[in-house]
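Structure first, commentary second.
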Amino acid sequence: MSYTEPLFPLEYTRILLPVDCTPASRDAVRQAARFVMEVTGAAITLIASVPPTTGDDTVARQLRADREAHADQALETARVLLLQCGIYSRPRRQEATSLREAAEVEMTERPYDMVLVGNCEQAPHGPLPVLVLPSIR
């Protein structure tokens, strides 16, 4: 048995990775890169949320632009981290109140085999990373 070959084949070809500007998100991107390189070889789509903004005055337009720039910064940081590992990714923004909602919207619009979720100090599972796998078909 080779150490470079997985013990069992995984048929995940499309992975969704929600990202924001937190250190936990950057850690999730690094772990996803290792997972994709070593186990699946899947394509990664990065998703960031842009909270909705009401109004069309100057203040609302500036707030919307700031929120979009923040999402773009998170996507670019994640894209660069993955590219350093030789992994190309597809960035996407979704208008949503949270990163979870953005991922849910994205999954209704496009098919994904897996969602890799990052870790944060406030998560109910504490400091342990979480990988949620779908049921085998």
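Per-residue surface analysis assigns C21 an accessible area of about 40 Å², computed on protein heavy atoms at 1.4 Å probe radius. Between R30 and A69, the modelled labels are 2.8 nm apart [label points 7 Å from Cα along Cα→Cβ]. Annotation: D20 carries an accessible surface of approximately 60 Å², with a 1.4 Å probe and no ligand, DNA or RNA atoms counted.
Want the number for A43 to T22: 0.36 nm per residue separation, take away the alpha-carbon distance, what's left? Intermediate values should be presented prior to the final figure.
Numbers: separation 21, 0.36 × 21 = 7.56 nm, distance 2.26 nm.
5.3 nm is the gain from fully extending A43 to T22.
Considering only protein heavy atoms and a 1.4 Å probe, what is the carbon-and-sulfur percentage of the accessible area of the stretch 51-104?
Ligands and nucleic acids excluded, carbon and sulfur reach 50 percent.
Largest accessible area first, the residues Y112, Y88 order themselves as Y88, Y112 under a 1.4 Å probe with ligands, DNA and RNA left out. Between R61 and V105, the modelled labels are 2.2 nm apart [label points 7 Å from Cα along Cα→Cβ].
The values are calculated or read from the model by the stated rules, or taken from the named source; none is laboratory data. As the structure is a computational prediction, the values presented were derived from the model and not from experiment. Methodologically, a virtual Cβ is constructed for each residue, glycine included, from the backbone with ideal geometry; neighbour enumeration extends over all protein chains shown. Each accessible area value is taken on the protein alone, full model and side chains, heavy atoms only, with ligands, DNA and RNA left out. Shrake-Rupley method; radii C 1.70, N 1.55, O 1.52, S 1.80 Å.
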